[in-house]
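The values are calculated or read from the model by the stated rules, or taken from the named source; none is laboratory data. Remember, it's a predicted structure, so these values are computed and weren't measured experimentally. As a convention, Cβ positions derive from the backbone with ideal geometry for all residues, glycine included, and neighbour counts pool all protein chains shown.
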Amino acid sequence: MKLQHPEVDALVEKFAKACSDDYSLAVDRKDSIIEYVMGVTEQFPDLMVESNRYLYRTVDMLDKLGRKEDGEIFFRAAAVLLRTMGKGAYGYQEQSLYRSCIGDSLSGVNLGSRRIADMEQRKAKSLERLRLMHRYVGEERVRKMFRTQVNVSQRVGKHTAPLETSAETLLLLKLYAQIDPEFANETIGRLPEALQALLGGDAQSLRRELLQAIEPLAVRELPLKDTLTQLDLSPEYVEARRAGLRERLFPDSTLDPAEKLRREQQNVVMSQLRSAFYYVLLLAGGKDGLLESSAETDKAVLEAVRAVHEALPLEMRAELLMMESTGKDPDAVLEGILPVDEPFELIATLAREIDSYMPAWNTLRGELLADRSRAAYLFSILRRPLLKAYVYRVLSDEGQAPGSEGGIEKLVLEALADKVHGNILGQSLAKYLSGELSLDTYLKHKPSHNWDDAQGNDIVRRNLLIAVTLLPEDSELYARFVKVAGHPEIGTANFLSYLYKSPTFSGEKLLELVEADSDAQGETLLLRLLLLNGLNQYHYARVPEDELRRIIAGRLGRCLELYNEVQGEVRQSMLEAALSGDGQPGEDQVIQALRLGLGDSSKRVREIARLQLIKHPDKDFYVKLYLAEKKAAVREIVIDLLRGIEGEGEAYAQLLAKEKSASLKARLQALHDTLGKPAEYAHAALAAHADAKKVNRLSWLPLDRLPELRGQDGHKLDDGIRLYVLTESVDFASEPNPRLAEVAAYADAASLAAFTAEALRIWIDAGAPPKEKWILPLASRFGSREAVDLLGRQIKDWADNSRGAIAADAVRALAFMDDTAALMTIDRLGRTIKNRQVKGAAEEALQLAAENQGLTKEQLADRLVTELGFDERGELALSYGERSFTVKVSADLQLSAVSGETGKTVKSLPAPGQKDDAALAAQSKARFAQLKKDLKTMVGLQSQRLEESLSKRRLWSASEWSDLFVGNVVMRRFAVGLIWGVYAGSGEGTGEERRTDASIETTFRYMEDGTFNTVDEDEYELPEQARIGLVHPLELDQDTLEAWKTQLEDYEIVQPFNQLNRSVYLPEEDELQQRVYTRLPGGDYSPTGFPKALEKYGWVKGRALDGGFYNELFKEYGGLIAQLTFSGTSISYYEGMEDVTLEQLEFFPNKGDDYYYSTTNGHLLKNVPQRVFSETVYDILRATGE
């Protein structure tokens, strides 16, 4: 047997090498394995059977081989593995091998999948694989496979209970009867009788067996604890359904209705029925085929499924939906199979979310209020108290409380006392709240209130306290709860965290009630609330920022007394509240806050206090602050900031008279002695008395290498000024020290720029130690274009070498520079660097700059588009002296130069001649070379921006569009090569409304002569109020699309990127109800190349998991975000990385920059805007090369 496929040959060789190495490194058996697998010989390799257990690499290589070749070569290779696999090998590896051998011809058929029309061909293919497996792997191994997958029975206590066998296994077993009839028939004969009848096509026996199995479910008393229908639906409702079923199918039943149905018996019926249902579904090729089927066995199974649904609706739905993975709406999936007129899916959603780690409260509320009459009906058929209480509270908040004896109070007490979903904590709390227990009695029994006796987010305990928060805050029961919550033994971090998981809880309101209750301890609760925001364990909740500020503002004095007991972020909130005027603090409180802030261990907090003090230029206030504080470091800060304030001399005198510290007195004296002199004298004097610790921090920075500073009149400044600038900067790591503005007032800007640029270079050469990153804001304060370019290059290097944090700090530093070039650099870095920290910092910086100018980020980015020095005619003059050249941008966005002497056009400037001015020629050539680089960068960046605008349907006003595309010569070239549309609406909607929002009214093209043209080549006048965007092929009918293509061809215009010939992708009809899109390319792709390709189109990596592994990529579309899930890879490259495969695509509401949607339901594909869906799939296909 000779293979003709080099790729398969290479895979066989890799498989043989892995197999030989996994078996033993002592002897190389690769060649004998290759010969057997390739069919050169029938001699099995020299491998002991059932001896090998370490198969990791070999199993992986077999899987890769199977993707390229599924004939005899593959099964020979599989035989090598399965026949040598030892008994101690891992079971999951063996099952994985069986799955590879069987293939996927019979998998993927479920209720939500599209109809399969070729089931006979699939069955034939599966039969052929079984034959090959039987031939090469061997009869015993195939039999073992079926024995492990056909679960005949297991012991459950005293009883023997049949287990579930998958529909695929049942069909394979029936097919295998054609190969090994004795074994297959024997195995089938050991299946439950209902499944035997199903496989044998005996509809009469099947009906009899199914009815016999169902009868106990309709007649006997159902178990409560593990039966969803009993747990969640009211007994009256359930019994009415079961009575109807008994009357219809079992009117003469002899079973004892008082006898309890065993849980095991119920589970057996459900699992057998699911196996039978999916078996007939598989044979029918899907739901439509099953509903159209006239086979009696199919009808019998459907009748049984519907009968069980009458008795146990929640269980039957769960069983049928267990195999679904399409993301379709469950009711849409089940429609036709089961009645879907009852709110069972909403009940399942309520139960699932309320018992989940992070309930989606807004989603639940929205579902309930979408149809209030349905929600009221749902309330009437619910049993579980917590679910009823939540529904009641939601409707009650809308003024539509359903009728319920005892109201919310009774429902909450029932939820607490619920023995199935609760525990002693809830039961004891219910007795206390109802008055059955006194507070003293409740507190004496520790197990009754030990809410801390659990680690993490204990859902049972959490739900008990959520039930309490559903009470009205002015109710008697909640007043009793306030005494409990305010008790020091109970109101712990865990307790408060459970409460904050509720959608209705307010810690601020609870604190107010506790403070008003003489029996409760408000101070303890206040401290515990403040401590929450700073606890590191994931399961602790946080007080919302707005609520925390209100809590602090209303109790500022008390909070400041607790300042040193809380974490840094809470201290910062206290300081901001005191200094912003929240809570109307008095002067003493402001002084207290500043003392605490200036002496804080957090640099960020100290900087906030320092900046606020600078904004308070009152010498008497400074004196009071100085004298109230004992710490020398704080006093030193006050001294420094006192300088320049009116009356500073008087203040120095007062402080000198009272200061006892020699070093501080020397500092005060130096400032006093330089009063009235220019600021440079004071700065030099301060440098002479600089803090020794700050000076020591400069040991890495050789001051003698730094350029000297000069005054604006050219005189050399005192060398101490350099030390002053540096020591004044070391405490400002996140923004420039505002006091350095004094230096800028007298020092030459060029010398300051050279000084800080050299300091920046030394820091970079030293490895950019994060501890000394204060160099960055210093460079931003005095740096020139040289510093912008240096940081721009260095940021990319840091990002590429896993130093995202320092790179992000550098981006933030650039944002402080008063230079458009800095913002342009930030914009370029944010678009070209894919590191999430850098992108996030760039977005923050641009957002802040945009807000400061009253613009959106997109509008700011438009204004950052440079003209590269071209005049309004699109020309730039360069001189060689006697000769000159006019540089232009061609239609294809390339540079050309026209000689002033000859009129000839050249692509690059010539070498200078003897008559040329050598210096001017050198400057012009350098300018032309730099211009080429800048144009190339700009074209690449603007192509990316414009394609993104097409993808996301960005709209410009007519004036914005003209400013950008008519006023800028380079952007004018882009405009000429693209087709534009005038839109009605804003395009800002989401879901279904966004499909129709921003509908296209007409299309046009901008001409090189400055006019506008229609598709019919008529002149067009652009309306002043027009909203303009790039046209997507989806928006054009075929005739219009072809007409525009023809017009561009006639004018010999090549589009700057693929607009009109862009491929379009839409969900198929049967996919519109799905939330998950799986029709993705099925190949293997580079673990580094594929993510990088998507990042080029604006995608970002998901969160890194253990070991730097990630398996999600995201792209934002305004209010929507696309999430692509794939097999996963590592953030850092390493040798031997596996290729990746694509899994599914989903679309979610955009929650901001925290891409983490595992607990959120995605949009139905029908509600995803067509342009967004098409562009997303287009990106993926481009990245895969398909």
Original post:
If you scan the range 373-387, which residues turn out to be part of a helix (DSSP H, G or I) and either in contact (Cβ under 8 Å) with a residue 60 or more places away in the chain or outside the structural domain of ALA348 (by TED's automatic domain parsing) (or both)?
Top reply: SER380, ILE381, PRO385, LEU386, LEU387
**OP:** Could you pull out the residue among PHE1109, PHE1090 that is assigned by TED's automatic domain parsing to the domain that holds HIS1163, at pLDDT 90 or above and not charged (D, E, K, R)?
**Re:** PHE1090
Subject >> Single unsatisfied condition, ARG480 versus (1) free of Cβ contacts under 8 Å to residues at least 60 places away in the same chain; (2) under 34 Å from the mean Cα position of the chain (by Cα) >> reply: (2)
Subject >> Those residues of the range 178-222 which are in contact with a Ser or Thr (Cβ under 9 Å, 6 or more places away or on another chain) and hydrophobic (A, V, I, L, M, F, W, C), in sequence order >> reply: LEU191, ALA194, LEU195, ALA197, LEU198, ALA203, LEU206, ALA218, VAL219, LEU222
**OP:** Mind listing whichever residues of the range 731-781 are among the hydroxyl-bearing types (Ser, Thr, Tyr) and buried (at least 18 other Cβ atoms within 10 Å of the Cβ)?
**Re:** SER751, THR756, SER780
Subject >> Residue that is nearest to SER356 (Cα to Cα), among those in the range 452-498 that are surrounded by fewer than 19 Cβ atoms within 10 Å (Cβ to Cβ) and of a type in the set (Gly, Ala, Ser) >> reply: GLY456
Subject >> Scope the range 333-347; condition within 20 Å of ALA307 (Cα to Cα) and part of a helix (DSSP H, G or I); matching residues >> reply: VAL333, LEU334, PHE344, GLU345
Original post:
Consider ASP892 against the criteria (1) outside any strand (DSSP E or B); (2) surrounded by fewer than 18 Cβ atoms within 10 Å (Cβ to Cβ); (3) without any contact (Cβ under 8 Å) to a residue 40 or more places away in the chain: it satisfies all of them except one. Which criterion is unmet?
Top reply: (3)
Original post:
What single numbered condition from (1) modelled with pLDDT under 90; (2) more than 30 Å from the chain's Cα centre (by Cα) fails to hold for THR524?
Top reply: (1)
Original post:
How many of the residues making up the range 911-933 are more than 54 Å from the chain's Cα centre (by Cα) and within 17 Å of LEU895 (Cβ to Cβ)?
Top reply: 0
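Hey, could you check the range 243-275 for residues that are small (Gly, Ala, Ser) and part of a loop (DSSP other than H, G, I, E, B) and say which is surrounded by the fewest Cβ atoms within 10 Å (Cβ to Cβ)? Can you show your working first?
First, pick out the residues of the range 243-275 that are small (Gly, Ala, Ser): 243-244, 253, 258, 271, 275.
After this cut, where a residue has to be part of a loop (DSSP other than H, G, I, E, B) as well, the list is 253, 258.
On the way: SER253: 14, ALA258: 7.
My answer is ALA258.
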Original post:
Is there a residue being out of contact with any His (no Cβ under 9 Å at 6 or more places or on another chain), at pLDDT 90 or above, more than 19 Å from ASP731 (Cβ to Cβ) and of a type in the set (A, V, I, L, M) anywhere in the range 629-647?
Top reply: no
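Of everything in the range 205-237 that's without any contact (Cβ under 8 Å) to a residue 60 or more places away in the chain and part of a helix (DSSP H, G or I), which residue is surrounded by the most Cβ atoms within 10 Å (Cβ to Cβ)? So that I can check it myself, show each step before the final result.
Start the filter on the range 205-237 by keeping residues that are without any contact (Cβ under 8 Å) to a residue 60 or more places away in the chain, which leaves 205, 208-209, 212, 215-216, 219-221, 223, 226, 236.
Imposing the further condition that a residue be part of a helix (DSSP H, G or I) reduces the set to 205, 208-209, 212, 215-216, 219, 236.
Numbers: SER205: 17, ARG208: 15, GLU209: 22, GLN212: 12, GLU215: 19, PRO216: 20, VAL219: 19, GLU236: 10.
Filtering first and then ranking leaves GLU209.
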**OP:** Output the residue which, of all residues in the range 692-710 that are in contact (Cβ under 8 Å) with a residue 40 or more places away in the chain and within 46 Å of the chain's Cα centre (by Cα), is nearest to ALA741 (Cα to Cα).
**Re:** LEU706
Subject >> Residue satisfying all of: in the range 655-671; surrounded by fewer than 18 Cβ atoms within 10 Å (Cβ to Cβ) and in a helix (DSSP H, G or I); farthest from the chain's Cα centre (by Cα) among these >> reply: ALA657
Subject >> Where a residue in the range 808-826 is on the phi > 0 side of the Ramachandran plot and β-branched (Val, Ile, Thr) and its partner, wherever it lies, is modelled with pLDDT of 90 or more and part of a helix (DSSP H, G or I), with Cβ under 9 Å and at least six apart >> reply: none
Original post:
Does VAL301 satisfy the condition of being more than 40 Å from the chain's Cα centre (by Cα) and within 30 Å of SER234 (Cβ to Cβ)?
Top reply: yes
Subject >> Cβ pairs under 6 Å, 6+ apart, first in the range 940-952 and under 17 Å from LEU1060 (Cα atoms), second modelled with pLDDT of 90 or more and assigned to a helix (DSSP H, G or I) >> reply: SER951/GLU1175
